[in-house]
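These notes concern the structure reproduced below.
The values are calculated or read from the model by the stated rules, or taken from the named source; none is laboratory data. This is a predicted model, so every value here is computed, not measured. Methodologically, a virtual Cβ is constructed for each residue, glycine included, from the backbone with ideal geometry; neighbour enumeration extends over all protein chains shown. All accessible areas refer to the heavy atoms of the entire protein, side chains included, with ligands and DNA or RNA removed. Shrake-Rupley method; radii C 1.70, N 1.55, O 1.52, S 1.80 Å.
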Amino acid sequence: MKSCIKLFVGQVLAMFVLLFLPLQMAKSASHREPQARVRGCITSPEGKPLVGAKVQIVELGKSVLSDDQGMYHLMHLPQGKYTLKVHFDGLPEKYARVHLRGKNLLEMNVRLEEMSSDIEEIVVLGSGEKAIKRESTTSSRLPLLNIENPQVTSVIPKELLQQQVSTDLATAYTNSVGGGVPIAFNQNRTVMLSRGFTVVPKFRNSLATFIQTSIDPVSVERLEVIKGPSATLFGASEASYGGLANLITKKPYDEFGGSLSYTLGAWDLNRLTVDLNAPINDKKGVYFRVNGAVHSENSFQDQGFRKGMAITPTVLYKVSDKLTLTLDVEYGRGSGTSPVRFNPYTQGNIEKSIADMKIPYYSSFANNDLSYTSTASNIILQAQYQISPQWRSLSSVSRTHSGFGGYTTQLVGMRAENMLRAQVRVGNQNYYSTNVQQNFIGDFTLAGMRNRLLIGFDYYNYKQNRNTRNVNTATADFQKGSVGLHKTLNRFYVDSVALKTTATYRTVRENTYAAYVSDVLNVTPSLSVMLSLRLDRFENKGTYNHLTGNTTGDYGQTALSPKLGAVYQLIPQKLAFFANYMNGFNNQTGTDIDGNTFKPEHANQWEAGLKFDLWNDKLAGSVSYYDINVRNILRPNPTNADYSIQDGSQYSRGVEVDIAAAPFAGWQIIAGYAYNDSRYTHISDNLNGLRPASSGPAHLVNLWSSYSFGSGLLRGLGIGVGFNYGNESFHTNTSTAKITIPAYSVLSSSVFYNYKNVRLALKMNNMTNEKYWSYRLAPQKPFHILGNIVYNF
């Protein structure tokens, strides 16, 4: 009861902050109507993005700092003629005359090498003429343009999420090439697919900050899906063989501004968010930004709900031209019921589709009384120091805690194809992590060749406390609905049985120490090579059983992870051929029947393809072929089920096409196609040569196309259409049992309208009312509508 009261009070306070603070601060802000905006990218003489460059409208005294991609954005500018000034320590200043006419957007990129004493005349012509930029400087941890990076990164920017009225990360995942149907875990934490493997969003601003529970993505600026095993630069503890998901958050800027947004929709969806930026002391370079959200919705099924709130303040302090400090805080609380997870009966020879099992699509087989509560906090402190024009230092510390208590549920098939029962886990689980990272980034010329060098050190600590009990409910015939199940699927029964059940009460501790180096060498202006190596020491302190006082499973492993790459620019900064070799690994616990310690599981990837950025950014993207081979997979010992054998392997091969296009003004397209062929090899007979069920569909398509009217009577109006497709896949795939998931085609659309400070949007999801499932056999939402209103101040 106390926890419920605390959650209620917290949500009331959050509502107060979200509703009244922006309105009060807005009254003290300038009453001038926003007339125009100027944005673009600031780059160095070598073409790399500059972080912390100051871009100023001289006559108005307004200025902003370029972000980690070199991007800047000046807003709320009245029409007129002004002088744009760009300043970066160690380089001469750049001036340009801008002529703002009407309420438009000026795209203006500045390369400081091209500065002159002359003042250029620039006139706003309109907006929406270029493709949505999807550059990333974080995937390589070096100042590389996308076309210079021998690795593929799929970037989902905020503009795309805004058009789609995104209220969670699951919507963002559907825009990633090969992302598939998002998979929800017990606390509504969602993961995605990439190259035949599941990928969990464990990185925030390139730091390992794993949140075991779900947390609202209100502060996310963009999602970067870095493709392929990336242990060399990001570590093996958190990166998947298929890639990693890196959440880049919103940063403060040096003028008052923000937005207030409300979304409502089907199944009692209510969502209120705020984005508030308020410089604390512009003269001293102290800037503050806070994002917050209150979210509540029910399931489309007969039972199920999700509620939560989040607040994410960020403070940026530009101590000097050389030193910048950033404090990034993320805090969230929530409650809800477990999403559906069904493991059907698979004994004997069985081959069926989930669509033919007659399990009711709109029945959750759950009880809202059996819910969980969760908390999550994440604190990141970063210090960036410009040591010299050629070298800078980036020091980072992150501390994460996530925990949940109460009840989580999964459904299990029992004894017959039409029978199931619920398994309820009762208790508390807490997770803690610490990531300390030091990077030195250099950009210098040696022997006439340009080097972009990364030298880094990384410490990662992980701790888990778990005190839970498992309770089985009565068995029911699911073809008759949940009748009979609710006699035991309730809190009174579960609590009474849990008191008589032996608990799992344990603590797990792990430490990882690593050093890495990565160098991109320009052999010629067109040819560059990447050479990277990581030394990783993993120490598992073992699992401590609080009931017996014993510690088991403690061990240590050391591994080397190389990364090689090459890029040849066929047309400078327009078209490039790339190739890479990358490595990932996963430490394995335990021994075989002879007492031999298991080796780390290793994955090696070869990849080659083309990257392009053509016709003045009107067509950008990549086409690639990859081949991933995983060895040292564990499998059960056929002669003794208490032990495992380490001799299995898996390959994952495929083609990916990622495209961002803007054929003409106002029209933008994001599209992707992924083909993946995954197979087990050298493993037990019932799996050998078969596709892993967790690899998802072999063919996946994603598409989003939008058009915005820039003039005429329909000026400000926009429409968008989306499409996602996946072919037939598996929940279970063995030589004796196959549970298939049907192919799916999901169509969505949106209509949005911008007028002065207000944006209206209407989003329709799953317009054909398609019935489809995730890998965990969770039914997905049928047709539903979302409405959104945003006020920018």
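Numbers below:
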| item | result |
| --- | --- |
| Qualifying lysines (Cα of each under 22 Å from Cα of Lys500; at least 8 residues distant if same chain) | Lys487 |
| 3J(HN,Hα) from dihedral phi, the stretch 744-757, Karplus parametrisation 6.51/-1.76/1.60, rounded to Hz, x for glycine, proline | 9, 9, 10, 10, 9, 7, 8, 10, 9, 9, 10, 9, 6, 8 |
| Accessible area in the full protein assembly, largest first, 1.4 Å probe, for Lys158, Lys738 | Lys158, Lys738 |
| Extended-chain gain in nm, criterion 0.36 nm per residue less alpha-carbon gap, Ile785 and His99 | 242.8 nm |
| The stretch 346-445: Cα Rg divided by the 2.2 N^0.38 Å rule of thumb | 1.97 |
| Helix-only [θ]222 nm of the chain, DSSP H runs n ≥ 4, -39500 (n - 2.57) each, per residue, nearest 500 | -2000 deg cm²/dmol |
| Nearest-0.05 FRET efficiency for Asn349 and Ala474, computed from C-beta distance (R0 35 Å) | 0.80 |
| HN-Hα J in Hz across the stretch 227-232 - Karplus 6.51, -1.76, 1.60, θ = phi - 60°, x for Gly and Pro | 7, x, x, 10, 5, 4 |
| Pair Leu547, Ser363: separation of 7 Å Cα→Cβ label points (nm) | 3.4 |
| Nearest-0.05 FRET efficiency for Ile593 and Asp685, computed from C-beta distance (R0 22 Å) | 0.70 |
| Nearest-10 value in Å² for the accessible area of Ile379, using the 1.4 Å probe | 80 |
| Order of exposure, largest accessible area first, which applies to Leu499, Leu325, Leu74, Leu381 with probe 1.4 Å | Leu499, Leu381, Leu325, Leu74 |
| Length added when fully stretched, Glu59-Asp356, from 0.36 nm per residue minus Cα-Cα | 100.0 nm |
| Two-site FRET efficiency, Ala266 against His699, from Cβ-Cβ distance with R₀ of 30 Å, rounded to 0.05 | 0.50 |
| Degrees between helix 2-28 axis and first principal axis of the chain (Cα, 0 to 90, nearest 10) | 10 |
| Difference of contour (0.36 nm per residue) and Cα-Cα distance, Asn490 to Tyr459 | 6.8 nm |
| Candidate residues Val340, Val655: accessible-area rank, largest first, probe 1.4 Å | Val655, Val340 |
| Ranked by how many other beta carbons lie within 10 Å on average, peptides 602-613, 189-200, 524-535 from highest | 189-200, 602-613, 524-535 |
| Nearby lysines by direct alpha-carbon distance to Lys54 (threshold 22 angstrom, same-chain neighbours under 8 apart not counted) | Lys62, Lys81, Lys85, Lys94, Lys133, Lys250, Lys251, Lys283, Lys284, Lys318, Lys322 |
| Label assignment, Cα extents along the principal axes in Å derived from the structure, set (1) 150, 75, 64; (2) 78, 72, 64; (3) 82, 58, 47 | (3) |
| Residue-by-residue Karplus 3J(HN,Hα) for the stretch 719-725, coefficients 6.51, -1.76, 1.60, Hz, glycine and proline x | 10, x, 9, x, 8, 10, 9 |
| Proximal aspartates and glutamates relative to Lys738, as straight alpha-carbon distance under 17 Å, when same-chain residues fewer than 8 apart are discounted | Glu351, Asp356, Glu417, Asp685, Glu728 |
| Simple label model, 7 Å out from Cα along Cβ direction - Tyr755 to Asp302, nm | 4.5 |
